[in-house]
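Everything on this sheet refers to the single structure shown next.
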Amino acid sequence: MSDIIQLLPDHVANQIAAGEVIQRPASAVKELIENAVDAGATRIQLLIKDAGKSLIQVIDDGKGMTVTDLRLAFERHATSKIKLATDLFQLNTKGFRGEALASIAAVAHVEAHSRTELDKVASCIKIEGTKIVSQEVTVAPVGTSIAIRNLFFNIPARRNFLKTDTVELRHCIDEFQRVALAHPDISFSFLNNGSELFDLPASNLKRRLAQIMGGKFDEKIVAIEEDTPIAQFRGFLVKPNFTKKSRGQQFFFVNQRFVKSAFLHHAVSAAYEGLLRDGYQPGYFIFLQIDPAHIDINIHPTKTEIKFSDEQSLYAILKSAVKHSLGMFQVTPPLDFDRDPSMDPSYATAQSVPKNPSIEVDASFNPFDQNGVQHTTKTTKWDSLYAGFETATSESLQLPLEEGGAGPKVFQVFQKYIVSSVRSGLLVIDQQRAHQRVLYEQFLNYLTGQSAPQQQLLFPLQKEISPYEKNLLTQNSDALHALGFDAQIKGEALILNAIPSVCSETQIHEVLDAILEMDQNTTESFSPSDLMAKIMARSLSITAGKRLTSQEQEQLIHDLFACKETQISPFNRQIFVTLEKGELEKKMN
Ligand code: ADP
Ligand code: MG
């Protein structure tokens, strides 16, 4: 047999390596911004188009590259940041693998301009899928500008694998924020499709946090500071009553590099124990400075995982430091969880008698009234209910009419389920899931047809929002309007003039928070407006523990069986179960 082993050509090897380093536009964003930081830039501009799918450009005023360096920078294993293997243990830069630019050049169209302070002219290089197309002299300021177009143009599978623009943009924003938080002394800006998402002047950490997380954030945090011979901790903790249910406020940086560390997270969570409302997450922005010799950052190509040589001590130090600062600022118990000033009712609400959320009841409705106008539609729904009764005899597959045409007998058990007797057996309905389904379909109708009824607020409601939240609301303004919100954005505040009628003023804060925290990563198969309808259905639905009058119970059953889908809640849970007469009789034996 002849020899069969061959060395992979460079462009193939580069493409394979690229797959590890550049998974989506956000990975390129991260690598380019980090290079700019490593180059000593004081100002970094990020411009993207179509969530980075068509263009990602980073412009910096760092030290720049010479003609030769600019060409070499795109070779694999080309780096100016380490020379010896031992340098790996003294890393003070973000990059060191010399892989990012080569990987990017392997899977995109790249155009880079760069000039050092010592050079009179700049050079410009164009590369397409590893091939250098041109390199020439040009005019440009000191610093570097790298533009990446048509990412994954030569890997269609990768390109098709990319998520919607909303999701990819969210990833880009995440990466941008991580670097921007780690370097408050550098000024950053971020434009997407020509509109400004962030403009962050050079500042200190506290102000940078407020710039990114939204106005008044500095009032919601307390400082953490701890110096020990093995490590120093600095940063801020979110006061327990300002924490959120999402994990969007959890940032660890080790030597100014964003990292994920389950064990550091655990240490902080342990310190917050007993201080958080149910389901709320600790919020923290913690910067750890540690001798690079004591960490190993080299275990993952995208470098967010980290190993420490002395985990146990770090855990103990961090936990006590967090406890200390939470205690020092008197945010430990006794703590009034129920009073979060941002949740206080508006003046109008405070004046009015609180209205209990209620289910509208059409008292005249009887689903079993043969002459009823709604009867025809209901019949089909009730019929479909029996589709599940596969073992039922054809005799039992009838409308659940009791003798004399009386309606179904309904009652509530455990303040959680509604039980209804039907001719072939029993129906047990989860009241919360049923109501979620009803509301969800109602909201979908508003999104696709007539807009939801609104209630005008006597005093417009104001809420501070972050730049990200602002962007989210702007992008979804049509959906919000259709769902019944009359919202305006003024500077860093959201102003609500009207809210959906289904919502009471006391519920509106929770609904808004849920919308603002909507995790775009779950939108894979749904549109953002669909997600919004789900979120509102979840926030506004009745829950277990709510006692319902028999009229309300009947109305809910009626509304449920008027839905397009009756069996599954918007969150994919079973809405009801059936207990068939036959099954019951078997049990009786
Ligand atoms: P690494 O950052 O791991 O060294 P990269 O592929 O990201 O590898 O970059 C290769 C080299 O190109 C860097 O080591 C650096 O010398 C140079 N370089 C990249 N981007 C810039 C920039 N914005 N300004 C100056 N030099 C840069
Ligand atoms: Mg790099």
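List the residues of region 271-286 whose backbone N lies under 20 Å from a point placed 7 Å from the Cα of LYS216 along the Cα-to-Cβ direction. Zone members listed by number: 277, 281, 283-284.
Which shape class applies to region 183-334: rounded if a/c is under 1.5, otherwise prolate when a/b exceeds b/c and oblate if not, where a ≥ b ≥ c are the square roots of the Cα gyration tensor eigenvalues? It comes out oblate by the Cα gyration axes. On full extension, the segment bounded by ASP278 and LYS49 gains 78.4 nm, given 0.36 nm per residue less the C-alpha separation.
Backbone phi angles across region 557-563, fed through the Karplus curve with coefficients 6.51, -1.76 and 1.60 (θ = phi - 60°), yield HN-Hα couplings of 4, 4, 5, 4, 7, 8, 7 Hz in residue order; Gly and Pro are listed as x. For LYS586, the lysines whose Cα falls under 24 Å of its own Cα, not counting residues fewer than eight places away in the same chain, are LYS409.
Backbone geometry of region 450-457 corresponds, through the Karplus equation with coefficients 6.51, -1.76 and 1.60 at θ = phi - 60°, to 3J(HN,Hα) couplings of 6, 5, 5, x, 10, 10, 6, 8 Hz, x marking Gly and Pro. Projecting label points 7 angstrom from Cα along Cα→Cβ for LYS260 and SER313 puts them 2.8 nm apart. Can you tally the net charge around GLU492? Count Lys and Arg as +1, Asp and Glu as -1, for every other residue whose Cβ sits under 9 Å from the Cβ of GLU492. Overall, the nearby charge balance is +2. Residue order by solvent-accessible surface for HIS109, HIS77, HIS183 is HIS77, HIS109, HIS183, largest first, with ligands and nucleic acids left out and a 1.4 Å probe.
With a ≥ b ≥ c the root eigenvalues of the C-alpha gyration tensor of region 10-202, is it rounded (a/c under 1.5), prolate (a/b larger than b/c) or oblate? Rounded shape, in that the Cα axes give a/c under 1.5. The order of the peptides 460-469, 484-493, 47-56 by mean Cβ neighbours within 10 Å, most packed first, is 47-56, 460-469, 484-493. Summing Lys and Arg as +1 and Asp and Glu as -1 over all other residues whose Cβ lies under 13 Å from the Cβ of VAL419 gives a net charge of 0.
For GLU580, the solvent-accessible surface with a 1.4 Å probe is about 20 Å², rounded to the nearest 10. In this structure, the amide hydrogen of VAL422, modeled 1.01 Å from its nitrogen in the peptide plane, lies closer than 5 angstrom to those of LEU427, counting only residues at least 5 positions away or on a different chain. Here the spin labels are modelled as points 7 Å beyond Cα on the Cα-Cβ line, and at PHE153 and THR66 they lie 3.1 nm apart. Multiplying the residue separation of SER80 and ASN193 by 0.36 nm and subtracting their alpha-carbon distance yields 37.4 nm. Between SER421 and GLU20, residue separation times 0.36 nm minus the direct Cα-Cα distance comes to 138.5 nm.
For region 207-328, the solvent-accessible area with a 1.4 angstrom probe is 43 square angstrom per residue. In this structure, the residue pairs whose Cα-Cα separation is over 29 Å, taken from LYS220/LYS319; LYS216/LYS260; LYS94/LYS463; LYS94/LYS245; LYS245/LYS546, are LYS94/LYS463; LYS94/LYS245. For a paramagnetic label modelled on HIS481 (point 7 Å from Cα along Cα→Cβ), amide N atoms under 19 Å away belong, within region 427-450, to 443-450. Residues SER529, SER80 ordered from highest to lowest accessible area at a 1.4 Å probe: SER80, SER529.
The values are calculated or read from the model by the stated rules, or taken from the named source; none is laboratory data. The structure displayed is predicted, hence computed values, not measured ones. Note: ideal-geometry Cβ built from the backbone for every residue, glycine included; neighbour counts use all protein chains shown. For accessibility, only protein heavy atoms count, side chains too; no ligands or nucleic acids. Shrake-Rupley method; radii C 1.70, N 1.55, O 1.52, S 1.80 Å.
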